[in-house]
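*Asks:* Quick one: structure below, then a few questions.
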C-alpha cells in the first residue's frame, strides 16, 4: 500500500515539476498543507463526533434522572399507601402526618418528572398527576375523617357507630381502588418506558463510539501513510540531485573539469546546478587564458630584466648631481630662516605691546565708566542725605511740640487734682453738717459720702495720668536728644559724601587722561605691528620659494633614487614573474579540461 501511494505521489510531483515549475519551499509547503488539511478534517470529524457523544450523554443523563424519579414516585406511592393502612388500623396521629407528607412528596416527584419528560410522554405524566391529586383529595377529605371518627367511636365503646364508620371506610376504599390501580400501572409503565429509552440511548451511543474509533483509526492511518510517502518522495527529490552535485563538486575540487552537471529541475537545486555549470565554463575559460598569459609573462619578464640594467646606470648619475644642488639650497634656506625667526620674535614683542596697550585702554574705559557711575551714586546719596536731614528736623520739631503738649496735660492734671482735693474737703464739711442736722441730714450725708468717693477716685486717676505724662515727657526728651544727634550725624555724612564726590571727579579726570594716552600708544603699536607683519610676510615668501626649490630638488633626487630602486625591484620582480610563470604553468597542467 505504501509503495502504491509512493508511486502515485512521485508521478504527481513529476507532472508538477515539468508543468508548474514549483520551488522547493512551495513543494514543502504544499506537502505539509495536504497533511495539515487531512489533520483538520480528522479534527473536525472528531469534534462533530464529540458533540454527538455529548448530546447522547445529556440524553442518557436525563433518562437516568427520569428513571430515578419514576423509582421515587413508586416508593412515595407505596409509603403513602402503607402509612394510610397503618393509620386506618391503629388510628395513630403520627401515621396521619406521614400519610399527608407522603402524598405531598409523591406529587412533587411527579411534577419533577413532568418537567423532564419527553414531549410524547408529557400527557401521560399530566394524567398521572391528575389521578394522584384526585386520589389524595378523596383520601384526605373523605377517608381520613371517617377513619378518625371510627377510632373515636371504637375508643368510646360505641360499636354500632363504629361498624357504620367501618362500612363507610370500605365503600370509600372500593371507590378509590380503580384509581389507585391506575396510578400504580401508569407509574410502572412510565418507569419501564424510561428504562427502555435509557437502554436504547446507551446502545446507540456505544455504536456511535465504535464508529468514531473506526473512522479516527482510518483517518490516522491515511495521514500517517501520506506523511511517510510525502517525506520519502521529498527526501529522494532533494537527495538524488544533491548527491550528483556533490560528486561533481568533488571532481572540480580535484581538478577534473571534464564533467558537466545535468540536472533537469526548475527548483533551487536546478538553479544551483545551472550556477555550477556556469562556474565550470568560467573555470575552463580562465585556465586556458592563464596558460596563454603565463607563456607571455615568461617572455616579457626576460625583456624587462635587460632594460632595467640600462635605466639604473643613468639614474645613479642624475642622483649625484641633484644631491650637490640640494646642499647649496639648504645653506641658503638656513640663512633666511634665521632672519625670519628674528623678525618673528620682534613681531611677537610688538604684538604683546599692542595687546597690553589695548588692555590698558579697555581698563581705562572700564575705570571711566565706573567713575561716572560712582559720581552719579554720590550725587544721589547727597540728595537722599539732604532729604533725611529735612525729615529728621521735621521729626524733631514734632517731638518738641509733643513735649509741650505733655507739659500742658501736666498742668491740667494739677488743676484736676486741686479740684478733687477741694471737693473732698467740701464733702467732709457736708458730712459734718449732715451729722449735726441729725435725722434730717442723713440723706445729705449719703450724697456727701458719694461725692467724697468720686473726689478720691478723680484724685487717684489724676495721679496715674501724672505718672504716665511724666514717662511720656522723659521718653519725648530722649527722642528729641536722639533726633538732634541724628541731625548732626547726617550733616557730617553729607559733608563726607560731598568730599567723596569731589575725589571721584578728580579720579574721573585722571582716568580720561590715561584713556587718551593709552589710545595713542595702541595706535602707534598697531602701525609697528603692521610694518613688522609685512616684513615677515616678504621673508616667509622668500623662504617658501627657497624651500620649494629645495623640496623639488629633494623630490627629483628621491625620484631618481626611487626610480633606481624601482628598477632594481622591477628586475627582481621580473625574475620572480618568470619563476611564477613557470610555477603557474606547472599548476595549470593539473587541471583536466
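Values in this text are rule-based calculations from the coordinates and carry no lab data. Computed from a prediction, not measured in an experiment: that's the story for all the values here. Because the Cβ atoms are built from the backbone with ideal geometry, glycine has one as well, and the counts that use them run over all protein chains shown.
*Asks:* Fully extended, how many nm does the chain gain between residue 159 and residue 467 (0.36 nm per residue separation, minus their Cα-Cα distance)?
*Replies:* Using 0.36 nm per residue and subtracting the Cα-Cα distance, I get 97.6 nm.
*Asks:* Using 0.36 nm per residue, how much length does the chain from residue 391 to residue 89 gain when fully extended, once their Cα-Cα distance is taken away?
*Replies:* So the chain would gain 95.4 nm between residue 391 and residue 89.
*Asks:* Can you put 28, 47, 103 in order of Cβ neighbours within 10 angstrom, beginning with the fewest? List each step's numbers first, then the result.
*Replies:* Numbers: 28 14, 47 10, 103 24.
Placing the least packed residue first, the sequence is 47, 28, 103.
*Asks:* Suppose R0 equals 51 Å. What FRET efficiency, 1/(1 + (r/R0)^6) with r the Cβ-Cβ distance, do residue 288 and residue 235 give to the nearest 0.05? Walk me through the numbers on the way to the answer.
*Replies:* Details: r = 40 Å, r/R0 = 0.78.
Efficiency, rounded to the nearest 0.05: 0.80.
*Asks:* Still on this structure, please answer the following. Expressed in nm to one decimal, what extension gain is obtained for the pair residue 170 and residue 491 from 0.36 nm per residue of sequence separation less their Cα-Cα distance?
*Replies:* Contour length minus the Cα-Cα distance gives 100.8 nm.
*Asks:* Next question, about the same structure. Tell me, what is the FRET efficiency for residue 149 and residue 124 to the nearest 0.05, using R0 = 41 angstrom and their Cβ-Cβ distance as r?
*Replies:* Rounded to the nearest 0.05, the efficiency is 0.65.
*Asks:* To make sure I understand, if each residue's beta carbon is the centre and we count other beta carbons within 10 Å, what order do 226, 69 fall in, fewest to most?
*Replies:* Fewest to most other Cβ atoms nearby, the residues stand as 226, 69.
*Asks:* Would you order 55, 292 from fewest to most other beta-carbon atoms within 10 Å of each residue's own beta-carbon?
*Replies:* With the sparsest Cβ surroundings first, the list reads 292, 55.
*Asks:* Okay, moving on. In nm, give the distance between the simple-model label positions of residue 208 and residue 64, each being 7 Å from the Cα along the Cα-to-Cβ direction.
*Replies:* My value for the distance between the label points is 1.6 nm.
*Asks:* Another question, if that's okay. May I ask you to list the residues of segment 24-47 whose amide nitrogen lies under 11 Å from a point 7 Å from Cα along the Cα→beta-carbon direction of residue 216?
*Replies:* Hits in segment 24-47 for residue 216 at 11 Å: 43, 46-47.
*Asks:* On to the next question. So if R0 is 41 Å, what FRET efficiency would residue 366 and residue 499 give, r being the distance between their Cβ atoms, rounded to the nearest 0.05?
*Replies:* In this case the efficiency is close to 0.95.
*Asks:* Give me the one-decimal nm value for the distance between modelled label points at residue 296 and residue 428, 7 Å along each residue's Cα-to-Cβ direction.
*Replies:* It is 16.2 nm.
*Asks:* How far is the Cα center of segment 63-87 from the Cα center of segment 25-42, in Å?
*Replies:* 61
*Asks:* While we're on this one: Output the relative contact order of segment 62-219, whole-number percent, from Cα pairs under 8 angstrom with separation of 6+ residues. Present the calculation step by step, with values, prior to reporting the outcome.
*Replies:* Working: 118 pairs, mean separation 46.0, N = 158.
Normalised by residue count, the contact order of segment 62-219 is 29 percent.
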